[in-house]
Each structure stands twice: as C-alpha cells, then as structure tokens.
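This report refers to the structure that appears directly beneath it.
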Amino acid sequence: MLTAAALPRIPVSEDQVLAEARNGNESAFASIVREHQSMVFGLAYHFLQSQAEAEELAQDVFLALHQNLSRVESARHLVFWLRRVTSNRCIDCVRSSQRRRELPMDDLHEPAESPRFGDPLLQELLRSLVAELAPDARMVVALRFQEDLDLSEIAAIVDMPLNTVKSHLRRSMDALRRKLAARGHVYES
Amino acid sequence: MSLEQELRRTLSRKDPPAGFDNKVLSRIAARETVSTPAQVRRWPRAVLPIAASLILAFGASYYLQQEQQQRHTREAQAQTEQAARDVVLALQIASEKISAAQAKVEEITRYEPTNDR
C-alpha cells in the first residue's frame, strides 16, 4: 500500500507535478494532495463545522480528482477544480441530508489550536454565526475569506451570477454584523 | 479590527488531521471510487427557466380551457333560462286565451234560451 511518508516530495513546477500525476505517478499525486489539503479541508470544515464530515468530504474530493485527472488542464485549473468540487459537494451534502447546523461536541472547543489568532471565543462565535447562513451564502463567505477570492472568481466557482454573489455577501455581512452587535461586538460596515 | 479581518482570521485554511494524505492514498490503492463530481450531476442552469416556462404554458392552457368551459356553461344556462322564460310566456298566453274563451262561453250560455218549458 502507498504511504505519503514513503513518497518523496517533487521539487518541480506544479504543472509538471500535475502532468506526472496524470501519467499515473502516485508520488506526484500525493504531492498534490499535500499541497492542497488545507484548502479543501478548510473549506469543508468551515462549511460543515464538523471535523469528521469535513475530512470525509475532503478525501472524497481528492478521490474524485484522482478519477478525473485527465480533465484537469493545468495547475491553475486544478485549484479551480478543487474549489468548485469542494463547494458543490459541501452544498449538496447539506441540501441532501437537510442537516441541522449543530456543532458537534468534539469540535466546539479548539482554542488551543490557534492561540496567536485573537479572541478564540469571538472566533468560535463567528464560526457558529457563519454556520447559520444559508448554504450558498455560507460558501460565498468561506471562499471570500478563506481563499481571499474576488467576487467574479467566486461566481465562477459556485456557478452563480456575479450579482447573486454580491447580494449573498452583502446580506451575510449585514446579518453577521447585526448578530454580533446583539452579542456586544460592534463592527462598522 | 474590522469584521472582514476577523473573518479572515477565523476562516483561515485549516490542516486536516495527521495522516490525511495516507488515508486518501489508501482509498485510491483500494481502488475505491466516488460518484461523479457534484457539479456534473447538478442540473444545468437552463433547466429552471424551461421548467418555469412549461409550468406557465400548462397553467395558461388549463386556465383558458377552464374559461372556455365556463363560457359554454354560461351560454347553455342562458339558453335554458330563455327557454324557460319562453315556456312561461307561452303558458301565460295560453292561459289568457283559455280565460277569454271561457268568458265567451259563459256569456253565450247566460243569454241562450233554455229548453225547460
């Protein structure tokens, strides 16, 4: 069985790594997984708010990538593909199961993981408020602030008109400001 | 700090649990497959307008059909009412004629000599 530790990192360009992976080189594919796993897992985690579900979904995304490597044209396209498939799978996952936005107990308290990043309680609150957003809006917010994408890039990834994306983002930010203000955290728009 | 900055901190990229890449590779080695990427299974954007147009067309057709049926019903009802009115009128005329005839008969009967003598 292949293990990532046994596979050496490949110090070549991303397009070259992709070409190698397309040719069946499993170590090149492992390199792609390591390169992009925090992006895919992060999006899934911020969206689903469950480490277990996010991990399973992220694994499925990379499995789908492995099955569809021949369709990926470049390293740039690879990133777009991963973001798009992750977004769609997250939204489908929520819609198909009609899952309620409940935070699993094992995911609730993780402040020790990022002590250098401000107020962990506020971050926990923000995460739970983001989780209350509608699926499409939640994904727009996750792509905007995790990946720092501009609105046209987000529109292409989630396959929505630009104005819809703008509207989702504006309404989400208004809702977050309002709910934070109700809890004593006031942010100007 | 602005809300945008706070969101960037909160929603930053996150590493999966250790061994994530090995789990992916194990599943690949086990020849496990996943369903077609979700975006392929999604309905094309044109489906919604087409469905809406079809619903509108069927709705309009049904409405027109109902409207036509109601018009036919109204016309038939009007014809029935007219026929009823005609019958009543005819009966009234007949009744008047009979009354007049009866009056004539009574008048003639009153002045006609009797055969009692």
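At a glance:
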{"quantity": "The lone exception for A:Gln51 - which of (1) away from chain B (no Cβ under 11 Å); (2) touching a helix residue (DSSP H, G or I) at 6+ places or on another chain (Cβ under 7 Å) it fails", "calculated": "(1)"}
{"quantity": "Whichever residue in the stretch A:19-43 is more than 9 Å from chain B (Cβ to nearest Cβ) and among the aliphatic types (A, V, I, L, M) and, among such residues, is surrounded by the most Cβ atoms within 10 Å (Cβ to Cβ)", "calculated": "A:Ile32"}
{"quantity": "Residues of the stretch A:58-94 that turn out to be assigned to a helix (DSSP H, G or I), more than 10 Å from chain B (Cβ to nearest Cβ) and touching a residue at least 12 places away in the same chain (Cβ under 8 Å), as a count", "calculated": "9"}
{"quantity": "Condition check for A:Ala4: modelled with pLDDT under 90, closer than 16 Å to B:Pro17 by Cβ and buried (at least 18 other Cβ atoms within 10 Å of the Cβ)", "calculated": "yes"}
{"quantity": "Positions within the stretch B:9-34 being over 30 Å from A:Pro120 (Cβ atoms) and more than 7 Å from chain A (Cβ to nearest Cβ), in sequence order", "calculated": "B:Ala30, B:Arg31"}
{"quantity": "Hits in the stretch A:148-164 - residues which are within 14 Å of the chain's Cα centre (by Cα) and aliphatic (A, V, I, L, M)", "calculated": "A:Leu149, A:Ile154, A:Ile157, A:Val158"}
{"quantity": "Test: A:Ala137 is facing chain B (nearest Cβ under 9 Å) and either surrounded by fewer than 17 Cβ atoms within 10 Å (Cβ to Cβ) or out of contact with any Cys (no Cβ under 7 Å at 6 or more places or on another chain) (or both)", "calculated": "no"}
{"quantity": "Residue within the stretch B:24-38 that is at pLDDT below 95, in a helix (DSSP H, G or I) and under 52 Å from the mean Cα position of the chain (by Cα) present", "calculated": "yes"}
{"quantity": "Selected residue [at pLDDT 95 or above, within 10 Å of chain B (Cβ to nearest Cβ) and part of a helix (DSSP H, G or I)] from A:Leu180, A:Leu143, A:Leu122", "calculated": "A:Leu143"}
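Residues are listed down the side, and each one gets a yes or a no for (1) within 26 Å of A:Ser96 (Cβ to Cβ); (2) charged (D, E, K, R):
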| site | (1), (2) |
| --- | --- |
| A:Glu124 | no, yes |
| A:Leu129 | yes, no |
| A:Met139 | yes, no |
| A:Leu151 | no, no |
| A:Asp159 | yes, yes |
| A:Lys166 | no, yes |
| A:Asp174 | no, yes |
| A:Lys179 | no, yes |
| A:Ala182 | no, no |
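The values are calculated or read from the model by the stated rules, or taken from the named source; none is laboratory data. Just so you know, these numbers come straight off a predicted model, no measurement behind them. Glycine also receives a Cβ, built like all others from the backbone with ideal geometry; neighbour counts cover every protein chain displayed.
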